[in-house]
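Student: Below you will find the structure I want to go over with you.
The values are calculated or read from the model by the stated rules, or taken from the named source; none is laboratory data. Because the structure is a prediction, the values reported are computed rather than measured. Backbone-built Cβ (ideal geometry, glycine too); neighbour counts: all protein chains shown.
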Amino acid sequence: MKLTVVGTGYVGLVTGACLAEVGNDVLCLDLDAAKIATLEAGGIPIYEPGLEEMVQRNVAAGRLSFTTQVERAVAFGDVQFIAVGTPPDEDGSADLRHVLAAAKNIGQHMTGFKLVVDKSTVPVGTADKVRETIAQTLRERGAAHEFAVASNPEFLKEGAAVEDFMRPDRIVIGTDSERATQILRELYAPFQRNHERLVLMDIRSAELTKYAANAMLATRISFMNEMANLAEVLGADIEQVRKGIGADPRIGYHFLYAGCGYGGSCFPKDVRALRHTAQEGGVPLRVLEAVDTANAAQKQVLVSKVVARLGEDLAGKRFAMWGLAFKPGTDDMREAPSTEVLQALWARGASVVAHDPSAMAEARRIHGERPDLTLVDDPMKALDGVDALLVLTEWKVFRSPNFEAMKAAMRQPLVFDGRNLFDPAKMRGLGFEYFPIGRGGV
Ligand SMILES: NC(=O)c1ccc[n+]([C@@H]2O[C@H](COP(=O)([O-])OP(=O)(O)OC[C@H]3O[C@@H](n4cnc5c(N)ncnc54)[C@H](O)[C@@H]3O)[C@@H](O)[C@H]2O)c1
């Protein structure tokens, strides 16, 4: 099939590359000329395992190309995927400016049937707005071309995006058009060879499914974080509690890790956008309000532990930070807990030496050059003469460090672990003062 993907960010680029990988001809459009220039020069604007090789392979095979030209992009694909950003507006609602601009462009330039598929995470009712925008633009042109609209929310995880797209748990499709169902069934056939993964539903349910999924996952995290805070006070160990409840198949083991708060480009904004939708609809979502509030508090938990141990005034103190990305496997720092911890330490006069396997360029872009932030290319180098180490992201490379070398490098062997990477008993045995999350009594 000939496909256009509008928006070449995390979702758009992964979608474009994976759909080209199974033999489709894909043109990716973005209005960000620098991003398209990078891709055309054989580079890649984001880090995602396996993506660079896949992009290069499909570009070389002539199945994947990039453009900034809207008219060319609309003419190219019989199917037009919308994968542009839906950032939070000032009131927390999803800003649909980019989605509706993409819809308008399609209405402006289409000359025959188009299936318009929304992959961006959008509030319930957006497909109707997309449909109306295209219809209105066609009316203004005096044109009468057929089109269908479908919602196909994306469930990929950053850090495993290619894997998730190639081997999805489910492919949710919301549409009221038989023609759209047939096209999408055919398009997704290569991704469900061993069993049916398509979950077909009406458009509004598909739109809500995406928000409900992220809200549920965020709820599990905030629930475990609050349990961890309680466990700490009661002298119980959240890791043992996690195993004890995870063994129940009604609960399961996934997404039960306590830590220093969730971040990223999805959970925070999607929880807030869903709350906003609910408010507009006059339906209280009390659980999600608490999920959001609990997460904001959890992002400060490491700072509270530092202050309890070292005092409110951290002037002249130096901290090592392992991890800046909001989770391992990505360079994405949107709403990352590291940003709040950095700001809290700087506000108290401390300086930080940080390492992240992927996100250091992004950290430099966000925080700029400043005397109280040094970025180093090796986790061990960050430890030289520091008063404490803070672990913010559970990258594999941090899991089995040389503890003796760590202790020798640090001014004092003090570790605040926001991701529970190490065994508390072992750490204490090695002579570390170790502060994990929710691990009382061990
Ligand atoms: N990142 C994730 O893990 C993830 C997962 C599932 C769903 N989503 C959802 O997918 C959507 C996209 O997310 P993302 O992380 O890929 O965003 P992103 O910010 O990485 O990329 C969006 C891209 O769209 C481009 N763009 C904006 N308006 C455009 C237009 N009119 N025409 C062409 N290009 C345009 C931007 O320049 C940008 O490159 C969001 O709704 C997000 O909530 C994201």
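Student: Please work out if P357 is in contact (Cβ under 8 Å) with a residue 60 or more places away in the chain and over 18 Å from R411 (Cα atoms).
Tutor: No, not satisfied.
Student: Something else about it: Name the single residue that is nearest to the ligand (Cβ to nearest atom) among those in segment 89-112 being over 23 Å from the mean Cα position of the chain (by Cα) and in a helix (DSSP H, G or I).
Tutor: A101
Student: Something else: Only one of these is crowded, with 22+ Cβ neighbours inside 10 Å and away from the ligand (no atom under 15 Å from the Cβ): L138, L115. Name it.
Tutor: Step by step, each of L138, L115 is checked, and only L115 is crowded, with 22+ Cβ neighbours inside 10 Å and away from the ligand (no atom under 15 Å from the Cβ).
Student: Being in a helix (DSSP H, G or I), touching a residue at least 24 places away in the same chain (Cβ under 8 Å) and either surrounded by 16 or more Cβ atoms within 10 Å (Cβ to Cβ) or among the small types (G, A, S) (or both) is the filter here, so list the residues in segment 25-44 that pass it.
Tutor: A33, K35, I36, L39
Student: A315: in a loop (DSSP other than H, G, I, E, B), away from the ligand (no atom under 16 Å from the Cβ) and either in contact (Cβ under 8 Å) with a residue 24 or more places away in the chain or touching a Gly at 6+ places or on another chain (Cβ under 7 Å) (or both), yes or no?
Tutor: Considered against the rule, which asks whether it is in a loop (DSSP other than H, G, I, E, B), away from the ligand (no atom under 16 Å from the Cβ) and either in contact (Cβ under 8 Å) with a residue 24 or more places away in the chain or touching a Gly at 6+ places or on another chain (Cβ under 7 Å) (or both), A315 comes out as yes.
Student: Just checking, which of T126, T133 is at pLDDT 95 or above and over 26 Å from the mean Cα position of the chain (by Cα)?
Tutor: Just one listed residue meets the conditions, T133.
Student: When you go through V22, V79, V14 one by one, which is the residue that is crowded, with 22+ Cβ neighbours inside 10 Å, more than 9 Å from the ligand (Cβ to nearest atom), within 18 Å of Y188 (Cα to Cα) and in contact (Cβ under 8 Å) with a residue 60 or more places away in the chain?
Tutor: After applying the criteria, what remains is V79.
Student: If I go through segment 45-56 residue by residue, how many of them are out of contact with any Phe, Trp or Tyr (no Cβ under 8 Å at 6 or more places or on another chain) and either without any contact (Cβ under 8 Å) to a residue 24 or more places away in the chain or under 15 Å from L156 (Cα atoms) (or both)?
Tutor: 7
Student: Would you mention how many residues in segment 141-155 are away from the ligand (no atom under 13 Å from the Cβ), closer than 18 Å to V199 by Cα and not small (G, A, S)?
Tutor: Here the count works out to 1.
Student: Quick check on my filter: what residues within segment 374-396 are in contact with a strand residue (DSSP E or B) (Cβ under 8 Å, 6 or more places away or on another chain) and charged (D, E, K, R)?
Tutor: D377, D378, K381, D384, D387
Student: Out of all the residues in segment 226-276, which are in a loop (DSSP other than H, G, I, E, B), over 17 Å from F422 (Cα atoms) and either within 16 Å of the ligand (Cβ to nearest atom) or touching a residue at least 40 places away in the same chain (Cβ under 8 Å) (or both)?
Tutor: G235, F255, G261, Y262, G263, G264, S265, C266
Student: Could you check, for segment 26-37, whether at least one of its residues is out of contact with any strand residue (DSSP E or B) (no Cβ under 6 Å at 6 or more places or on another chain) and more than 22 Å from H98 (Cβ to Cβ)?
Tutor: No, the conditions are met nowhere in segment 26-37.
Student: Taking into account only those residues within segment 173-202 that are hydrophobic (A, V, I, L, M, F, W, C) and part of a strand (DSSP E or B), which is nearest to the chain's Cα centre (by Cα)?
Tutor: Looking at residues that are hydrophobic (A, V, I, L, M, F, W, C) and part of a strand (DSSP E or B), I get I173.
Student: Could you identify the single residue in R57, R72 that is of a type in the set (D, E, K, R) and within 15 Å of the ligand (Cβ to nearest atom)?
Tutor: R72
Student: Could we say that T86 is within 12 Å of the ligand (Cβ to nearest atom) and under 21 Å from L156 (Cα atoms) here?
Tutor: So T86 passes the test.
Student: Still on this structure: Is it the case, given these coordinates, that L392 is under 30 Å from R428 (Cβ atoms), at pLDDT 95 or above and either in contact with a Cys (Cβ under 7 Å, 6 or more places away or on another chain) or assigned by TED's automatic domain parsing to the domain that holds L51 (or both)?
Tutor: For L392, the condition - under 30 Å from R428 (Cβ atoms), at pLDDT 95 or above and either in contact with a Cys (Cβ under 7 Å, 6 or more places away or on another chain) or assigned by TED's automatic domain parsing to the domain that holds L51 (or both) - is met.
Quick grid of which residues meet (1) surrounded by 12 or more Cβ atoms within 10 Å (Cβ to Cβ); (2) within 20 Å of K305 (Cβ to Cβ):
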| site | (1), (2) |
| --- | --- |
| R365 | no, no |
| D378 | no, no |
| V386 | yes, yes |
| W395 | yes, no |
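Student: Go through segment 129-155 and give me each residue that's in a helix (DSSP H, G or I), touching a Lys or Arg at 6+ places or on another chain (Cβ under 6 Å) and either closer than 15 Å to L96 by Cβ or aliphatic (A, V, I, L, M) (or both).
Tutor: T133
Student: Does segment 338-392 hold any residues that are within 25 Å of the chain's Cα centre (by Cα), more than 21 Å from D313 (Cβ to Cβ) and among the aliphatic types (A, V, I, L, M), and which are they?
Tutor: Result: A354, A359, M360, A361, A363, I366, L375, V376, V391, L392.
Student: With the requirement that a residue be touching a residue at least 60 places away in the same chain (Cβ under 8 Å) and touching a Leu at 6+ places or on another chain (Cβ under 9 Å), what does segment 371-394 give you?
Tutor: Answer for segment 371-394, where residues must be touching a residue at least 60 places away in the same chain (Cβ under 8 Å) and touching a Leu at 6+ places or on another chain (Cβ under 9 Å): A382, L383, V386, D387, A388, L389, L390, V391, L392, T393, E394.
Student: Out of curiosity, is R131 within 16 Å of the ligand (Cβ to nearest atom) and either over 19 Å from C18 (Cα atoms) or not hydroxyl-bearing (S, T, Y) (or both)?
Tutor: Taking the combined requirement at face value, the residue does not satisfy it.
Student: Please count how many residues of segment 53-73 are surrounded by fewer than 16 Cβ atoms within 10 Å (Cβ to Cβ) and not polar (S, T, N, Q).
Tutor: 7
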